[in-house]
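Enquirer: The following block contains the structure, expressed as C-alpha cells.
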Amino acid sequence: MEDNLEFKGIKPKTLSFPIDSVDHVDHVIKLALSGHDKLAADHILHKEMVGSLAFTVGSIARTLSLKFYSCLNLDPEDSKITRFRIYNVLTQIALNLFGYERIIVGFSEGEVKESIEHLLNTLKELESSEKRMFQSSVANDVVEGILYDMKIVMSKYYRVPGSMVSKMAENIEKKLDRENPISSFLIAAKDEIQENIYYRLSLNGNRFGNDYALGLRWLRHLGFVQVSTNPVLAAAAYIDDETLWEGYSGESFCNDFKTLVYENPQWTASPETYADEMTMKASEVSVFPNLAVFRPIAIASNFEHGMVSYQLNPHVSASVEGSLRDALQIYSDAYDFLKKYDAYLLWGYNNSCVEVGRPNLVFKVPGNNSAAIEITSMLESLGIGTNNTETYTVAQEAYLIISKIDGRSKAVKKGFHVTTCYETTMCGRLNDHLREVQAEILLNKVWDTANGKFLVMELARIFNIKDFEKLPKDKLIKTLSDRKYLNSLTNENFVKTILASEILGSSEKEVIQYLERLEDDIGKAGIAVSQILFKLFFTPESRIKWFNHIKKKYGLNDIQANKVIDGIHVLPASKRKPRETFLTLSPNNMTNTEFPNHQTNVMVEAQKEFFDMKMYDNAVIKLMIDKDSIHRLTEVYDIRGECRLALELTPDLISVFEEVGIKTDFGERGLKPEDWPKFGAVIKTKTEFTNAYNEFKSKVLEFIKKCELR
C-alpha cells in the first residue's frame, strides 16, 4: 500500500514569521501550496467565519482553480505537487464541513450546504480537466494518501476486530469511481461520517474520546472531542506510524523524534543521563499532533472540547513534587509549540478573548495512591485540567472528583478559566480483575478435589501455557485466570473443567446458568461504578446540592459554581463490550472514551436490525444496573469483598455527602485512600504501565544509539 504513495515523502515548506498573508483566502492558499493543507483547512473552522463561510470557500475554490490551470506553466514535477496540494486542501475543507466540527463552530446548515456544493463542483471540474490537459493525474494519489492514513490505525498494533477508522476506509474504497476519485471519495465519505453511530450520538449531545494516538482527524469529524494516551498507547503510535521516529509530516509544526535528537546534542553524548527526558519528548512527538488536530474545536468551544489527556511518568506518580515538575515542563513545551501553531491557525481573527498558545491539555494523574488527591487539586487550581486514571472504584473516583471541585473552585475564584476535566472509570480492567479473582477461587477449589490437579493441568495444556508443568500451583492458577487466556467464565474449556470437578454441583444446566449469570454480573461492575458516580454528583437532584454547597463553601457566584461543576466529566474507559458505552451515555458530565477496536464493535452493534438508539438517551440514569446484580456482586459471590471495595463508599465519603445534603445507599465498605496501592486492579495496571514506559524508554535509547552511529 505504501509503495504507491508517490507524494508521501514530500515535506511541506517551513513556515516563517512574520506572517505576510493579506486576507483569509490568501492565508489558506499560501498554507495549502506550502504543503500545510490540514492547517489551511482548519483555519476556516472559526466562529468569526460564521456568515462568511460560503463566500470564503467560493473565493478559495476560485483562486485555487486559477493556480491549478497555471500548473501548465510549471515543470512536470512542480505541477504534480501543486495539483496534489490543491486537491488536498479542498478535500480537507469538505471533510471538515461534513463533520461535527461545523456544529461546534456554529455554521448554519444553509452556508455549509452552499459551501460543499462549491467544493464538489470545483473538484469535479478539476478532475475532468486534469485528465484532458495534463500528462498525468494526481487525483488518485490524493485519495490513496488519505485512505492510507486511515488504514494504519491499529494496523501493526492490531487488536480484533481492527479499528473503526480502517473499516471506514474499506467502506469508502468500495464506493470509489477511479475515473472521478476525489468527488466519489467525498460523496462516500459524507455517508460514512454522517451515518456513523458516533456521529448520530454526538448530535444528541453525547461526547466521545479516543484511546489511541492515531486516526484522530477522522474521529473529530464523527464528534470525538477528547483523546487519551498512556505509555502503552504512546509506544503503539510509534509501531503503527514509524515516521514518528523519522520523516513525520502529518500535522504542521510537529517534529519527528529524530529532529529533536539533533536539536539536543547532549542526548547522544550521554543517553542514560537524559533517558527520562528523552522518553518524555518522544511521548510529546506522538501527542502534539493530537493537540493540533483538536485545536480548532478547542478554540471554538473555549476549551470545552478538544482536550488531549497526557500520561505523566509512572515512576513519579506517588510524588507531588515530581508529578508537578513533569506536568509543568510538558505544559510549557506544549505552550511553545501551540504559540507557533496558533499564529497560523488564528491569523486574521480577533483573539482578544482567546488564550493564544494555552494548551488544550489535561494530565492523567494516576489514582494508584493518595498523593493523587493533592496533585489533582493543585493542577486544577492552576487552571490545568486533570484526568484521573488507574481508577476503578466508586470511592477512588468520588475522592478525586471532590478534589477536582476543590481545585477548580480555587481557580475560578482567581479568575482562571477552567477546562473540561475527566474522571476515568476503567470499566473493563475492573471487570477483568473481578473475573480473574473469581477464576482463581474456582480453580483453587478444583485443585482441591480428588482429580483436581489433573483437571487444572489439562486446562493449562489446552490453553497452551508455556512450561506449565514447572509452574508452582499459585503461579499456574494465576496464569490460567489471566484475561490473556480466560476472557470469560463461560469459556468452553473452563466450563468443562468446572463441570468435571463438580465444585458447583453435578447439574450441567445449573452450573452453566450459574457461570453465565456470574459472568454477566461481573460485566456490569464497571458500568455500575460510572452510574453510581453520576448519580452521586451529576443528576439534577445531586447537581443542585453540589451547586449550593460549592457556592457556600468557596464563596462563589452562580456563574463560577456552574463552571466548576459543568466541566467535570466521568470518563468510562477500557471497555470490552458495546453495552459499556451504551449504558453510560449522557449529554452532560459524561465522555465515553473508546479504543479503536471497541469503536468497531459499537459500530457493528448499532448496525444490527433491532438496534434502537433512542433507547439509550441518558441511559446512565434511565438504565441503571439492576439491584439484584449489585446484591449478588456485593453479598453472594466469592468475590463479594472485592466488589464491596469497588461499588461502595467509605464512612468519610458518606459524611461529605451528608454535609452536601445527598443521601447515600451504596454501603460504606469502599476502598479507602490508604488502600489504593493494594487494590489488585491498581497493582496490575501500574505494573503494566510502568513496564510499558520502561520498554518505550529502551526503544528511545536504542534509537539514540543508532543516531550516534550515523
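Values quoted throughout were computed directly from the atomic coordinates according to the rules given, and no laboratory measurement underlies them. Fair warning: this is a prediction, and the values are worked out from it, not measured in the lab. We place every Cβ from the backbone using ideal geometry, glycine too, and count neighbours over all the protein chains shown.
Enquirer: Skipping prolines and chain starts, which residues have an amide H placed within reach, meaning under 5 Å, of the one on Asn210, given they are 5 or more residues away or on another chain?
Expert: Amide H neighbours of Asn210: Gln226, Val227, Ser228, Glu594.
Enquirer: Shifting gears a bit: Calculate one ³J(HN,Hα) per residue across the range 593-602 by plugging θ = phi - 60° into the Karplus curve 6.51 cos²θ - 1.76 cosθ + 1.60, and present them in order as whole Hz with x for glycine and proline.
Expert: Rounded to whole hertz, the list is 9, 10, 5, x, 6, 5, 4, 4, 4, 5.
Enquirer: For Leu361, what residues show an amide H to amide H distance below 5 Å, using hydrogens built from the backbone and excluding near sequence neighbours?
Expert: Answer set, sorted by chain and number: Val308.
Enquirer: Taking 8 Å as the Cα distance limit and 6 or more residues as the minimum spacing, I'd like the relative contact order of the chain as a percentage.
Expert: The normalised contact order for the chain reaches 14 percent.
Enquirer: Which angle between 0 and 90 degrees, to the nearest 10, do you get for helix 139-151 versus the longest principal axis of the chain when only C-alpha atoms count?
Expert: 20 degrees
Enquirer: May I ask you to sort Lys11, Lys364, Lys47 by Cβ crowding, counting other Cβ atoms within 10 Å and putting the fewest first?
Expert: If I rank by nearby Cβ atoms, fewest first, I get Lys11, Lys47, Lys364.
Enquirer: Once phi is turned into ³J(HN,Hα) by the Karplus curve 6.51 cos²θ - 1.76 cosθ + 1.60 with θ = phi - 60°, what whole-Hz value does each residue of the range 423-430 show in order, with x for glycine and proline?
Expert: 10, 6, 10, 7, 3, x, 5, 5
Enquirer: Additional query: Could you tell me which of Val437, His27, Thr539 has its Cα farthest along the dipole of the chain towards the positive end, charges placed at Cβ (Lys, Arg +1; Asp, Glu -1), taken about the Cα centre?
Expert: Thr539
Enquirer: Determine the sum of side-chain charges near Ala528: Lys and Arg each +1, Asp and Glu each -1, restricted to other residues whose C-beta is under 13 angstrom from that of Ala528.
Expert: Here the count lands on -1.
Enquirer: Taking the Cβ of Phe703 as the centre, find all other residues whose Cβ is under 9 Å away and add up their charges (Lys, Arg: +1; Asp, Glu: -1).
Expert: Spelling it out: positives minus negatives among the neighbours equals +2.
Enquirer: Using a Förster distance of 35 angstrom, determine the FRET efficiency expected from the C-beta separation of Glu516 and Lys663, and round it to 0.05.
Expert: 0.50
Enquirer: For the range 301-360, what relative contact order do you get, as a whole percent, if you take Cα pairs closer than 8 Å and at least 6 residues apart?
Expert: Relative contact order, the range 301-360: 38 percent.
Enquirer: Separate question: Could you calculate the FRET efficiency of Arg640 with Ile544 from 1/(1 + (r/R0)^6), where r is the beta carbon distance between them and R0 is 25 Å, rounded to 0.05?
Expert: Working from the Cβ atoms, E equals 0.15.
Enquirer: Under a point-charge model restricted to the Cβ atoms of Lys and Arg (+1) and Asp and Glu (-1), what is the dipole moment magnitude of the range 1-142 relative to its Cα centre, in debye to the nearest 20?
Expert: 100 debye
Enquirer: Which of the residue pairs Lys575/Lys686; Lys13/Lys167; Lys535/Lys563; Lys445/Lys478 have a Cα-Cα distance greater than 22 Å in the structure shown?
Expert: Lys13/Lys167
Enquirer: Compute the angle between helix 275-300 and the longest alpha-carbon principal axis of the chain, please, reported from 0 to 90 degrees and rounded to the nearest 10.
Expert: 70 degrees
Enquirer: When the helix-only estimate is applied to the chain (DSSP H runs of n ≥ 4, each -39,500 (n - 2.57), divided by the residue count), what is the mean residue ellipticity at 222 nm, nearest 500 deg cm²/dmol?
Expert: The helix contribution divided over the chain gives -18500 deg cm²/dmol.
Enquirer: Which stretch or stretches of the range 14-48 have amide N atoms under 12 Å from the point lying 7 Å from Lys8's Cα along the Cα→Cβ direction?
Expert: none
Enquirer: Helix 76-98 against the longest principal axis of the chain: what's the angle in degrees, Cα atoms only, rounded to the nearest 10?
Expert: Value to nearest ten degrees: 50.
Enquirer: Going by C-beta contacts inside 10 Å, put His305, His27 in order with the fewest on the left.
Expert: Taking fewest neighbouring Cβ atoms as first place, the list is His27, His305.
Enquirer: Next question. When a footprinting reagent is the concern and you count Cβ atoms within 10 Å, what order do Leu66, Leu126 take, fewest first?
Expert: In increasing order of surrounding Cβ atoms, one gets Leu66, Leu126.
Enquirer: State the label only: which of (1) 88, 62, 61; (2) 74, 72, 54; (3) 191, 60, 52 corresponds to Cα extents along the principal axes in Å computed from the shown model?
Expert: Label of the calculated value: (1).
Enquirer: Under the Karplus relation 6.51 cos²θ - 1.76 cosθ + 1.60, θ = phi - 60°, what is the ordered set of whole-Hz ³J(HN,Hα) values for the range 506-513, x standing for Gly and Pro?
Expert: 9, 7, 4, 4, 5, 5, 5, 4
Enquirer: Less than 10 Å Cβ to Cβ from Ser163, Lys/Arg counted +1 and Asp/Glu -1: what total charge do the surrounding residues give?
Expert: +2
Enquirer: List the residues whose amide H sits under 5 Å from the amide H of His569, counting only those 5 or more places along or on another chain, with H placed 1.01 Å from N in the peptide plane.
Expert: Placed amide hydrogens put Cys421, Tyr422, Glu423 under 5 Å from His569.
Enquirer: Next question. Determine the relative contact order of the range 1-142: mean sequence separation of Cα pairs under 8 Å and six or more apart, normalised by residue count, in whole percent.
Expert: After rounding, I find 30 percent.
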